[in-house]
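Shown next, in structure tokens, is the structure this report addresses.
The values are calculated or read from the model by the stated rules, or taken from the named source; none is laboratory data. Here the structure is a predicted model, which means the values were calculated and not measured. Here the Cβ is made from the backbone with ideal geometry for all residues, glycine too, and neighbour counts use every protein chain on show.
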Amino acid sequence: MKIKVIFAAMVTLLAGSLFLPFPFSEAGDMSAEELQELLEYGEAVVVIDVREPHEHALGIIPNAHPIPGGQLADDPMIAELDRDTWIVTVCRSGNRSRVAQGILQEMGFTRVDNLVDGMLGWQGEIEIPQ
């Protein structure tokens with residue numbers, strides 16, 4: 001019986017890792033309310049919006065950096081950030097930003113959170129990027 005349970009747990013872990021392209025920690029999830037509070041209190045957090053330019057044109061969280069997910073690894077602003085910088089990744093629904101979270105963790109960033117509901121859950125102000 002014990003061997004069956006261990007085998008089932010190993011299969012579950014292996015199957016899960018096949019579908020997740022990057023490691024992530026659920027502890028790195030953040031709600032829209034939590035992010036809004038951090039921003040209101042002036043917390044030193046860098047918000048990176050990983051949606052595509054046509055989505056950025058609809059509005060981003062104020063002071064967020066609009067960097068499409070596919071360009072994260074090559075972006076000069078990202079390259080200049082200290083690896084201990086607190087980063088929150090954002091997309092439309094939280095899925096692409098989850099992948100971006102993993103990319104940033106792979107790049108050595110140690111404090112990366114994902115806005116779990118993305119812009120769909122954001123109730124705060126937005127700005128149109130220049």
Candidate set from the range 117-130 (those that are at pLDDT 95 or above and of a type in the set (A, V, I, L, M)); member that is nearest to residue 64 (Cα to Cα): 126
Hits in the range 65-109 - residues which are of a type in the set (Lys, Arg) and closer than 18 Å to residue 121 by Cβ: 92, 96, 98
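Restricting the search to the range 73-104, which residues are over 26 Å from residue 40 (Cα atoms) and touching a residue at least 24 places away in the same chain (Cβ under 8 Å)?
Scanning the range 73-104 gives 73, 99, 102, 103.
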Per-region count, the range 115-125, residues over 13 Å from residue 35 (Cβ atoms) and not in a helix (DSSP H, G or I): 0
Search result, residues across the range 105-130 that are closer than 16 Å to residue 46 by Cβ and either among the aliphatic types (A, V, I, L, M) or crowded, with 18+ Cβ neighbours inside 10 Å (or both): 105, 107, 109, 112, 113, 114, 115
Lone unmet requirement of (1) at pLDDT 95 or above; (2) in contact with a strand residue (DSSP E or B) (Cβ under 9 Å, 6 or more places away or on another chain); (3) surrounded by 12 or more Cβ atoms within 10 Å (Cβ to Cβ) for residue 38: (1)
